[in-house]
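Next up is a structure, given as structure tokens.
Quick note: the coordinates plus some simple rules give every number you see, no bench work behind them. Note that this is a predicted model, so its numbers are computed, not measured. Cβ sites come from the backbone with ideal geometry, for glycine too, and all protein chains shown count toward neighbours.
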């Protein structure tokens, strides 16, 4: 039956019956998620002008879409058609990091699409930017929607609002880090002020920041988990592996300022997971324990 539906979908696509083709390809895709089917589905949805849905499906095979000029251009086209300017810039910058040689035209396409949006969607952009500016007015759980909406801003408007949010003392730290990490992904070379975990301001250049978890202390923490729990308690190790990335987000981009000893940090995490109370801590150990408590308090504010 799936083969019959696929044949019908391909026939509809060839006949220019875009809506029918998209519906049939979607039916087949629900049972068989392959790149080939994904490309046909996204192509049909694009032709049917269902650009947002097309981009959602393309994102499921994003690495493959960024691997060739043809797929990249298809992905870029549906992102720009659905006014996802920030995401369009993110995938372009990701390709730039792999030395892709087809980006000059993409840069111009994005710039042109943003110029058109500034002229034809001015009120919408202004409203979205205002809501983004006031991100901290929303409960943390509700901020994700506005962060997603901000993907539809032009780069200039996103950057202007982001610079304000990075030092907004009322914004949750994870949201602040997400905005900073987006600027990193966009290759932003402007120096910006960033209100860090300890409530001090840092001057950073987003484009020069590391990938979360790739710095020296983060790697040491990963090794400590394996050494202390990996071989003796798989469940404990899995719990630590699940908790660590969130902690590193809170401490981004300079976790070494807080995690002064990777072994003690993991010991403290293990004690917490086992319900134990750490004793005989050094001054440095006590400080790290206090910061772990602070992270847990931040997490409680997420719900």
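Assuming 0.890 mPa s and 25 °C, estimate D for region 1-150 with Stokes-Einstein, Rh taken as the Kirkwood radius over Cα pairs, in µm²/s.
The diffusion coefficient I find is 145 µm²/s.
When ranked by the protection proxy of mean other Cβ atoms within 10 Å per residue, highest first, what sequence do the peptides 227-235, 192-200 form?
My ranking of the peptides, most packed first, is 192-200, 227-235.
Rounded to the nearest whole Å³, what is the per residue volume of the convex hull around the Cα atoms of region 2-82?
Here the figure is 75 Å³ per residue.
May I pose another question? If the elastic network links every pair of Cα atoms under 10 Å, which of 11, 207, 162 fluctuates the most in the Gaussian network model of the chain?
Maximum fluctuation in the GNM of the chain, among the listed residues, is at 11.
Now, a different point. Taking only Cα atoms, what is the 0 to 90° angle, nearest 10, from helix 262-273's long axis to the longest principal axis of the chain?
So the inclination is approximately 90 degrees.
On to the next question. Could you work out how far apart the two model spin labels at residue 287 and residue 160 are, taking each label as a point 7 Å from the Cα in the direction of the beta carbon, and quote it in nm?
The modelled label-to-label distance comes out at 4.1 nm.
What does region 50-125 give for Rg and for Dmax, in Å, if only its C-alpha atoms count?
12.2, 37
On to the next question. Could you rank the peptides 249-256, 49-56 by their average count of other C-beta atoms within 10 Å per residue, with the highest value first?
Result, highest mean Cβ count within 10 Å first: 249-256, 49-56.
Classify region 216-300 as rounded, prolate or oblate, taking a ≥ b ≥ c as the square roots of the eigenvalues of its Cα gyration tensor: rounded when a/c is under 1.5, otherwise prolate if a/b is larger than b/c and oblate if not.
rounded
Right, another one. How high is the relative contact order of the chain, in percent, with contacts defined as C-alpha pairs under 8 Å that are six or more residues apart?
10 percent
Just to check, using Stokes-Einstein with a Kirkwood Rh over alpha carbon pairs, what's the diffusion coefficient of region 85-184 at 25 °C and 0.890 mPa s in µm²/s?
172 µm²/s
Could the peptides 177-187, 123-133, 76-86 be put in order, highest first, of the mean number of other beta-carbon atoms found within 10 Å of their residues?
In decreasing order of mean packing, 177-187, 123-133, 76-86 become 76-86, 177-187, 123-133.
When N is the residue count of the chain, what does its C-alpha Rg come to as a fraction of 2.2 N^0.38 Å?
Working it through for the chain, the quotient is 1.19.
Next up: Angle check, please: helix 35-47 long axis (alpha carbons) against the longest principal axis of the chain (alpha carbons), in degrees 0 to 90, nearest 10.
Approximately 60 degrees, to the nearest 10.
A follow-up question, please. So what's the back-of-envelope 222 nm ellipticity for the chain, counting only DSSP H runs of four-plus at -39500 (n - 2.57) apiece and dividing by all residues, rounded to 500?
After summing the helix terms and dividing by the residues of the chain, the value is -20500 deg cm²/dmol.
To test your reading of the geometry: what angle, between 0 and 90 degrees and rounded to tens, separates the Cα axis of helix 2-14 from the longest principal axis of the chain?
Its long axis makes an angle of about 60 degrees.
If each residue of separation counts as 0.36 nm, what is the full-extension length gain between residue 127 and residue 211 once their alpha-carbon separation is subtracted?
27.1 nm
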